[in-house]
1. Once label points are set 7 Å from the Cα along Cα→Cβ at both residue 198 and residue 70, what is their separation, rounded to one decimal in nm?
2. What FRET efficiency comes out for residue 62 versus residue 165 if R0 is 30 angstrom and r is the Cβ-Cβ distance? Round to the nearest 0.05.
3. If we count other beta carbons within 10 Å of each Cβ, what is the order of 313, 197, fewest first?
4. Can you tell me the FRET efficiency between residue 235 and residue 286 if r is taken as the Cβ-Cβ distance and R0 is 41 Å, rounded to the nearest 0.05?
5. Which peptide among 166-178, 48-60, 261-273 comes first, and what is the full order, when sorted by highest mean count of other Cβ atoms within 10 Å?
6. Using 0.36 nm times the number of residues separating residue 77 and residue 41, minus their current alpha carbon distance, what extension gain do you get?
7. Taking the simple approach of a point 7 Å from Cα along Cα-to-Cβ for both residue 129 and residue 245, what is their distance in nm?
8. Using 0.36 nm times the number of residues separating residue 175 and residue 149, minus their current alpha carbon distance, what extension gain do you get?
């Protein structure tokens, strides 16, 4: 009976050894786990960037705490698994081995080299890339903090400017269609019901008008879109490609499109800004009556520092 038990134990140990992960397999799995956690963090941050500023701040803090906890748990689990292969930080030599494995998990070569060996070109490239990534991440964080500050200042100036007129900002979806969506909202407000045009129809109207009156827009187009030395396209081809983007993509709208919109709709457009002087376009479409002019004017707000995505337009409506 003892011999049979011994054979059974031996076979069990052998099966366990055969199913146990190798070091490389474990490191590969660890890298995938870290990558999966990074993807999860990205998704959670995107989901948190919704709602009011106060809600976003609270969600952001919750996400950071949850990611910190998940990251700590993952590191602890992976360290325990590495220890099961005989690697631990209990002494200097084993700590060196563990550090090597940690580098391997991060994608750094674990090939052993003499202590004073000259670094390979590939390792130099990896080190340089890591330094560049770290520097870029630091710049992004600094810019984001500056953007938040600039956005707050800009919004406060706009609110103070609009308040005496009994006006407030109506938030418009922050995508490439924001100018056209804001115009659509204004048309609905002016009509007292729904807008006669969707944002997509407004895009198509603008592109058609710009094509028909190309000579009026080309000087402004050239100033904003200088020729690329590597391009063989003629000016006419470049302008046509621009018009195609206006009507069929989410390309952001600016001065050219605003100018076309005033003519398409035959209405003046007033743009309020907290960063620049206010602008009014299409003054020739103002009514002779002061009341009529105010009632028919389209009012937008221009935000230079919105959402860290660049320029943005909102609709301006009475309180």
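Laboratory data are not the source of any read-out in this text; all were calculated from the coordinates shown. These figures come from a predicted structure and were not determined experimentally. A quick note on method: Cβ atoms are made from the backbone with ideal geometry, for glycine too, and the neighbour counts reach across all protein chains shown.
1. 3.7 nm
2. After rounding, the FRET efficiency stands at 0.15.
3. Ordered by Cβ neighbours within 10 Å, fewest first: 197, 313.
4. 0.75
5. 261-273, 166-178, 48-60
6. Full-extension gain reported as 11.1 nm.
7. Result for the modelled spin labels: 3.0 nm.
8. Roughly 7.2 nm would be gained on extension.
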